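S.K.: Can you read through this structure? Questions will come right after.
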Amino acid sequence: MADAAIEFKNVTKRFGSVVANDHVSMTVNKGEILSLLGENGSGKTSLMNMLSGIYFPDEGEIFINGEPVTIRDPKDAYALKIGMVHQHFKLVDVFTAAENLIVGIDPGKKLDRKEIAGEIKDICDKYGFVIDPGKKVYDMSVSEKQTLEIVKMLYRGADILILDEPTAVLTPQESEHLFSVIKNMKKDGKTVIIITHKLHEVLSVSDRVAILRKGKYIETVLTGEADEEKLTELMVGRHVELNIERPEVKNKELRLSVKNLNCVNSEDQQVLFDINFDLYGGEILGIAGISGNGQKELLEAIAGLQKTQSGASVVYYDPESDKKDDDGKSAGMEMIGLSPRMIREKGIHLSFVPEDRLGMGLVGSMGMTENMMIRDYSTASKSLLFTDKKKPRELAEEIKESLGVVTPDISTPVSRLSGGNVQKVLVGREIAVAPTVLMTAYAVRGLDINTSYTIYDLLNEQKKKGVAIIYVGEDLDVILALCDRILVLCDGHVNGILNGAEARKEEVGLLMTELKEKRREEIAE
């Protein structure tokens, strides 16, 4: 096709018995913004990885500007002016922005900082980027790192850019700025492909939308002729109700009281400052904030995984306890100083879906059944050899069926599953143990829209049962629709607690990025 920047013809990719892409034939036009949609395991990333030289097709052909090409590695892709910005950035933390731009291009070339800074300025001025050439990556915000990744691709001459979940950790304001930059790139004739699960973003920024389902190409539709319901139906193959329920909070009782919570990280830097809030049964408390503003440490401190500073208090109130204090109120149990095992042994029904799925949540070398067992293994048996696997196996099968976990078998090591399917296993397991307090860190990260709404429904079912839920999320639209209250973290401080039904997206976004004047004065003092 004369106007096609990219054309796939019967492209197939297999991983063992799994067919990731099944004879995909589709085109991407020159100078367009194309969104690529599909459920987890539909083949979106594998298709783009073949275009960017990470994978090589088993069958089929790829054409660039009408010419058949062979892309065996990322260098071949760069030579064809193709660049991919991955969800997990490929930057050297100790290098400056300028050094990251040239690394790997010409090892023998001398670094002319003035010349590179001038080239960076030209790219930034042309498209609307803001970047400091001399700034170290470890000092950059998430949005600055992403900007650097895109500038790196443009610096290397990319005419075709692939962005994988580009707004996953951006504020609404940062996302809007990114969209304006993408539109400027389109005006300059660049071709942009966006992999995303956020349908409202698809509809606001793209020209066309290509849908994959179970490895097969389904259809490409004009964005102007689509809506969220139509796109979801094409992805899933059936109608999906896209309404997030927010049941009324009834008979709320105090479950957690967090007071004066201060934490330092492994580098002895303070990351949480005097955190105070209460959590009630039958409510969902959303935690909003730019990634790295203390969300991880907050949940880990409550779960007994993060050391806290002197004076911190996290008190748990057991709904079944008959113990009363001197005032006749339910007596609480202090959790600070308790390890996760001690928390379980004291009868505190706390479930935690951590951000680190395989490092902290699951054991990658084990299958679903064994991962169901290890949560309570220490109290069940000293050896897996003598442990009853019947109930864990039944639970694994139930989670596989209800959440649609794509796996050859429940005994397959979970490290071999896609990120979205690993997340399904972890969330399903933590909900299945009937917690009183449920904490989730990015519970739907990497999940397709169909499974995401299943998770939202599961959380609301827990809420109706009186479970107290903390939901750390990236998508503000979801937080605003799902959560009863929203606690906003900024630089490790509580920058406001808002009513979820009344809060505005722009208001939350500002609280995520700017500390209140009163808080600034307190810090200064």
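S.K.: So, E99, is that one in a strand (DSSP E or B), among the charged types (D, E, K, R) and touching a residue at least 12 places away in the same chain (Cβ under 8 Å) or not?
M.R.: no
For every residue, the table says whether it meets (1) within 25 Å of the chain's Cα centre (by Cα); (2) surrounded by 15 or more Cβ atoms within 10 Å (Cβ to Cβ); (3) over 28 Å from L47 (Cβ atoms); (4) outside the structural domain of T27 (by TED's automatic domain parsing).
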position: K198; (1), (2), (3), (4): yes, yes, no, no
position: S204; (1), (2), (3), (4): yes, no, no, no
position: R213; (1), (2), (3), (4): yes, yes, no, no
position: T220; (1), (2), (3), (4): no, yes, no, no
position: D227; (1), (2), (3), (4): yes, no, no, no
position: I244; (1), (2), (3), (4): yes, yes, yes, yes
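S.K.: Further question on the same structure: Working carefully through the options L447, L438, find the one that is over 17 Å from the mean Cα position of the chain (by Cα) and buried (at least 21 other Cβ atoms within 10 Å of the Cβ).
M.R.: From the options L447, L438, the qualifying one is L438.
S.K.: Within segment 246-265, track down each residue that is under 26 Å from the mean Cα position of the chain (by Cα), closer than 27 Å to K463 by Cα and in a loop (DSSP other than H, G, I, E, B).
M.R.: Result: R246, P247.
S.K.: Of everything in segment 374-399 that's in contact with a Ser or Thr (Cβ under 7 Å, 6 or more places away or on another chain) and modelled with pLDDT of 85 or more, which residue is nearest to D448 (Cα to Cα)?
M.R.: For segment 374-399, the residue satisfying everything is A396.
S.K.: Within the set of pairs 6 or more residues apart or between chains, which connect a residue that is more than 11 Å from N40 (Cβ to Cβ) inside segment 424-451 to a residue that is among the small types (G, A, S) with Cβ atoms less than 6 Å apart?
M.R.: Correct list of pairs: L426/G361; V427/A443; E430/S351; V433/S351; P435/S351; V437/A468; L438/S351.
S.K.: Separate question: Among the residues of segment 53-90, write down those that are buried (at least 18 other Cβ atoms within 10 Å of the Cβ) and over 19 Å from A20 (Cβ atoms).
M.R.: Correct list: I64, Y78, L80, K81, I82, G83, V85.
S.K.: Restricting to segment 293-322, give me the number of residues that are of a type in the set (A, V, I, L, M, F, W, C), surrounded by 17 or more Cβ atoms within 10 Å (Cβ to Cβ) and within 28 Å of L170 (Cα to Cα).
M.R.: 5
S.K.: Is at least one residue of segment 460-480 at pLDDT below 95, of a type in the set (A, V, I, L, M), touching a Lys or Arg at 6+ places or on another chain (Cβ under 9 Å) and surrounded by fewer than 19 Cβ atoms within 10 Å (Cβ to Cβ)?
M.R.: Within segment 460-480, not a single residue is at pLDDT below 95, of a type in the set (A, V, I, L, M), touching a Lys or Arg at 6+ places or on another chain (Cβ under 9 Å) and surrounded by fewer than 19 Cβ atoms within 10 Å (Cβ to Cβ).
S.K.: Would you tally the residues in segment 266-300 being small (G, A, S) and assigned to a strand (DSSP E or B)?
M.R.: Counting residues in segment 266-300 that are small (G, A, S) and assigned to a strand (DSSP E or B) gives 2.
S.K.: Across segment 348-359, what is the number of residues that are surrounded by 15 or more Cβ atoms within 10 Å (Cβ to Cβ) and out of contact with any strand residue (DSSP E or B) (no Cβ under 8 Å at 6 or more places or on another chain)?
M.R.: The total comes to 2.
S.K.: Taking the conditions exactly as written (without any contact (Cβ under 8 Å) to a residue 24 or more places away in the chain and either surrounded by 12 or more Cβ atoms within 10 Å (Cβ to Cβ) or hydrophobic (A, V, I, L, M, F, W, C) (or both)), does D139 satisfy them or not?
M.R.: It is false that D139 is without any contact (Cβ under 8 Å) to a residue 24 or more places away in the chain and either surrounded by 12 or more Cβ atoms within 10 Å (Cβ to Cβ) or hydrophobic (A, V, I, L, M, F, W, C) (or both).
S.K.: Now a separate question. Tally the residues that are surrounded by fewer than 21 Cβ atoms within 10 Å (Cβ to Cβ), at pLDDT 90 or above and under 14 Å from F273 (Cβ atoms), restricting the search to segment 492-525.
M.R.: Qualifying residue count, segment 492-525: 0.
S.K.: Looking at T167, is it polar (S, T, N, Q), in contact (Cβ under 8 Å) with a residue 60 or more places away in the chain and farther than 23 Å from K81 by Cβ?
M.R.: Considered against the rule, which asks whether it is polar (S, T, N, Q), in contact (Cβ under 8 Å) with a residue 60 or more places away in the chain and farther than 23 Å from K81 by Cβ, T167 comes out as no.
S.K.: Working carefully through the options K121, K152, K186, find the one that is assigned to a helix (DSSP H, G or I), among the basic types (K, R) and over 25 Å from V92 (Cβ atoms).
M.R.: Exactly one of K121, K152, K186 is assigned to a helix (DSSP H, G or I), among the basic types (K, R) and over 25 Å from V92 (Cβ atoms), namely K186.
S.K.: Would you be able to say whether some residue in segment 18-26 is of a type in the set (V, I, T), surrounded by 15 or more Cβ atoms within 10 Å (Cβ to Cβ) and free of Cβ contacts under 8 Å to residues at least 60 places away in the same chain?
M.R.: No, that holds for no residue.
S.K.: Still on this structure, I have one more. Can you confirm whether K424 is buried (at least 16 other Cβ atoms within 10 Å of the Cβ), at pLDDT 85 or above, in contact with a helix residue (DSSP H, G or I) (Cβ under 9 Å, 6 or more places away or on another chain) and of a type in the set (D, E, K, R)?
M.R.: Yes: the conditions hold for K424.
The values are calculated or read from the model by the stated rules, or taken from the named source; none is laboratory data. Given the structure is predicted, the values throughout are model-derived calculations rather than measurements. Don't worry about glycine lacking a Cβ; one is built from the backbone with ideal geometry, like all the others, and counts go over all protein chains shown.
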